[in-house]
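Asker: First the structure, which I've put down as structure tokens, then a few questions once you've had a look.
The values are calculated or read from the model by the stated rules, or taken from the named source; none is laboratory data. Because the structure is predicted, anything quoted here is derived from the model rather than measured. Cβ sites come from the backbone with ideal geometry, for glycine too, and all protein chains shown count toward neighbours. Each accessible area value is taken on the protein alone, full model and side chains, heavy atoms only, with ligands, DNA and RNA left out. Shrake-Rupley method; radii C 1.70, N 1.55, O 1.52, S 1.80 Å.
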Amino acid sequence: QVQVVESGGGLVQPGGSLRLSCAASGSISSIYTMGWYRQAPGKQRDMVATITSGGGTNAADSVKGRFTISRDNAKNTVYLQMNSLKPEDTAVYYCAADILSSRSALRRYYWGQGTQVTVSS
């Protein structure tokens, strides 16, 4: 089995910072792209930032210059450093990882359960 687990969400004031972490574990042969997505109440789930196994990154325009995605391949972990947070960043943040399972030999995206980020004074 493959598991993807996020941590690090919480309540923060506008202008503050949070760091999200996401670790993949289980029957993993390879991990390709990892990324963060978010979904606010009543809205669709949108891409926040992604990072390839080689370190190439992509980010939504709304977070460029404020959020930084990084990964530690040795730990199968991806991070999202969020600075200068705004109320409109409030959402459930999900981690996704493109994983080749060593058990099934199948490759697909695995999703975490989500972590709440609330930006409010």
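Asker: When the stretch 18-30 is examined, which residues are found to be open to solvent by 20 Å² or more (accessible area, probe 1.4 Å) and under 30 Å from S104 (Cα atoms)?
Answerer: Correct list: S21, A23, S25, G26, S27, I28, S29, S30.
Asker: Residue check, G15 against (1) under 25 Å from Q3 (Cβ atoms); (2) touching a Leu at 6+ places or on another chain (Cβ under 9 Å); (3) exposed (fewer than 13 other Cβ atoms within 10 Å of the Cβ), all met but one. Which one?
Answerer: Of (1) under 25 Å from Q3 (Cβ atoms); (2) touching a Leu at 6+ places or on another chain (Cβ under 9 Å); (3) exposed (fewer than 13 other Cβ atoms within 10 Å of the Cβ), only one is false for G15: (1).
Asker: Take the stretch 1-12 and flag every residue that is open to solvent by less than 40 Å² (accessible area, probe 1.4 Å) and either among the basic types (K, R) or closer than 22 Å to S101 by Cα (or both).
Answerer: Once the filter is applied, which keeps residues that are open to solvent by less than 40 Å² (accessible area, probe 1.4 Å) and either among the basic types (K, R) or closer than 22 Å to S101 by Cα (or both), the stretch 1-12 yields V2, V4, E6.
Asker: Which count do you get for residues in the stretch 40-81 that are open to solvent by less than 50 Å² (accessible area, probe 1.4 Å), more than 12 Å from the chain's Cα centre (by Cα) and under 23 Å from G16 (Cα atoms)?
Answerer: Number satisfying all stated conditions: 4.
Asker: Another one. Take residues that are of a type in the set (A, V, I, L, M, F, W, C) and tell me which of the strands (runs of 3 or more DSSP E) falling wholly in the stretch 9-82 contain 2 or more. Before the answer, list the steps.
Answerer: Details: elements: 10-12, 18-26, 28-39, 46-51, 57-59, 67-72, 77-82.
Output list reads 10-12, 18-26, 28-39, 46-51, 67-72, 77-82.
Asker: Among the residues of the stretch 89-98, is any open to solvent by 80 Å² or more (accessible area, probe 1.4 Å), among the charged types (D, E, K, R) and at pLDDT 95 or above?
Answerer: No, there is no match, as no residue in the stretch 89-98 is open to solvent by 80 Å² or more (accessible area, probe 1.4 Å), among the charged types (D, E, K, R) and at pLDDT 95 or above.
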